[in-house]
Amino acid sequence: MNSKEFKKALDYIVTEKGIEEEVVIEAMQAALSTAFRKNEKADYASRVLIDKNTGEIKVFKVTTIVDDYDEELENETLELEEGEEERLCHDYLNEIMISDAKKINKEYQVGDEILEEVTPKDFGRVAISVAKQVVLQKIREAEREKVMDEFEDKEEELMVGFLAMEDARNYYVDLGKARGILPKTELIPNEKLTMGDSIKVYITKIESTPKGPLILVSRKNYGFVKRLFEHEIPEFSDGTLELRGVAREPGIRSKVAVLSTNPKVDPVGSCIGEKGRRIANIISELGGEKIDLIAYSDDPETFVANALSPAKNLNVSITDEKKKEVLVIADDENLSLAIGKKGINIKLASKLTKYTINIKTLADINAQINS
C-alpha cells in the first residue's frame, strides 16, 4: 500500500465521515496484527505499526524485558501441579532477562520492549485487503453513530416523513437519514395510507443496534395527540398554554386537558382557534377522531366535572383521597352523557384525571339510603 493511497483513504474517512485519524489507524493495526498471526501462524507476540505520514506498514516481533530468574528453578516447576506451573513458568518466546538484554543495549530497563521487524515480503497485499475491510467497517460505524446522535433526542417527539415501504406487518417511514418502523397495529383504526404520502408520526422508541438505530413510531399513541397540539398551537411553545394531560381511545375520542398561564387567555378557545381552524386541522390529522377540550383545574372535583364533558350539572365529591376515588351525582338527562357510548366518556375522564369515578343519580342514592 503506497503512501498516496493510504493518505487519500485516511483523509477521506477523517474529513468526509468524521472518524478520528487515530481511531482508524488503531483499528487497522489491530486487524493487521490478527491477519499476520493467522497467515504466518506466528506463536510469538507481534505488533503492527503504521506510519500515518508515509503509509508504511511494518510488523514487529515483541519481546518484553523481565527480571533475571533461575532457569534451573524454572525447569523444576514443570513437575509441580498444573496451576502452580502456570504461575511460576516464564513465557520464553516473548520474554528476555534483563542481563541478556543489557548485552544488546545497556540502556534497556525491565519492562522495556524489544522490537524486531518480521514483516513478510507479501504483507502489502494482505494489508490492502484488511485495510479496506477496516475502513468500510469504520465508515458504517461512524454513519450509525451519526444517525444515533441525530435521533437520540427525538424520542417522544413528532416527526414528518414519507411512506417508503410496506410489508405484511409494518410500514417504513423515511425520516431522512433513517427509517422509522410504523407497525400496522399502531395506525389510527380504519385509516388508509398510500406509498409516497407525507405522514406525521410519534417516536415511541429509539434503540442502537448493530445494523443501525431502531426507530419505532406510532400514530395510535396518546403522545401523538399531545405533540399535534403543541405543533399546531404556538401558545404551547411560548408558555401561554400548558397541556396537562391526554387520554385517548384511538379513532374514537380524545380528552385533552389544557391550562392558561395568562388569565386573559381562554385555553379552550385558543385551542379551537379562529373559526375552529386549529382544532379542525388536528381532527383532520386524526382522521375525524373527536376531541374534548377540558379546562384543567387544580381542584380535583372541578377537574373531574370538566373531564366528564359534555355532561353538565354534575355534583362531584371525593370519597377517598388516598385511593383517589370520587362520587359523581348526575340527573337522568346527563347520566348517559357522562358515561358515554360503551362507557368511553367516563373511562377517558378517569384516565385523564387519574381518579376512579363512580357515577349515580340522586334516585340511586336515595334508594341506597332507604335500603
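Summary of computed values
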item	result
Filter result for A168 (out of contact with any strand residue (DSSP E or B) (no Cβ under 7 Å at 6 or more places or on another chain), closer than 30 Å to A9 by Cβ and either of a type in the set (A, V, I, L, M, F, W, C) or surrounded by 12 or more Cβ atoms within 10 Å (Cβ to Cβ) (or both))	no
The lone exception for I294 - which of (1) on the phi < 0 side of the Ramachandran plot; (2) not in a strand (DSSP E or B) it fails	(2)
Any hit, the stretch 177-198, residues being touching a helix residue (DSSP H, G or I) at 6+ places or on another chain (Cβ under 7 Å), at pLDDT 95 or above and not in a loop (DSSP other than H, G, I, E, B)	no
Test: residue in the stretch 305-315 that is in a strand (DSSP E or B), more than 19 Å from N345 (Cβ to Cβ) and outside the structural domain of V225 (by TED's automatic domain parsing)	no
Filtered residues of the stretch 184-201 (kept if in contact (Cβ under 8 Å) with a residue 60 or more places away in the chain and surrounded by 11 or more Cβ atoms within 10 Å (Cβ to Cβ))	I188, P189, E191, K200
Residues of the stretch 102-151 that turn out to be at pLDDT below 75, more than 20 Å from G18 (Cβ to Cβ) and among the hydrophobic types (A, V, I, L, M, F, W, C), as a count	4
Where a residue in the stretch 45-61 is within 16 Å of T34 (Cβ to Cβ) and assigned by TED's automatic domain parsing to the domain that holds D122 and its partner, wherever it lies, is acidic (D, E) and surrounded by 15 or more Cβ atoms within 10 Å (Cβ to Cβ), with Cβ under 6 Å and at least six apart	none
Hits in the stretch 333-362 - residues which are within 14 Å of L314 (Cα to Cα), surrounded by fewer than 15 Cβ atoms within 10 Å (Cβ to Cβ) and small (G, A, S)	S336
Of the criteria (1) assigned by TED's automatic domain parsing to the domain that holds A247; (2) within 28 Å of T261 (Cα to Cα); (3) not aliphatic (A, V, I, L, M), which one G288 fails	(2)
Hits in the stretch 121-161 - residues which are part of a strand (DSSP E or B) and either exposed (fewer than 15 other Cβ atoms within 10 Å of the Cβ) or in the same structural domain as K17 (by TED's automatic domain parsing) (or both)	V160
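The values are calculated or read from the model by the stated rules, or taken from the named source; none is laboratory data. Quick caveat: nothing in here was measured; it's all calculated off a predicted structure. Note: ideal-geometry Cβ built from the backbone for every residue, glycine included; neighbour counts use all protein chains shown.
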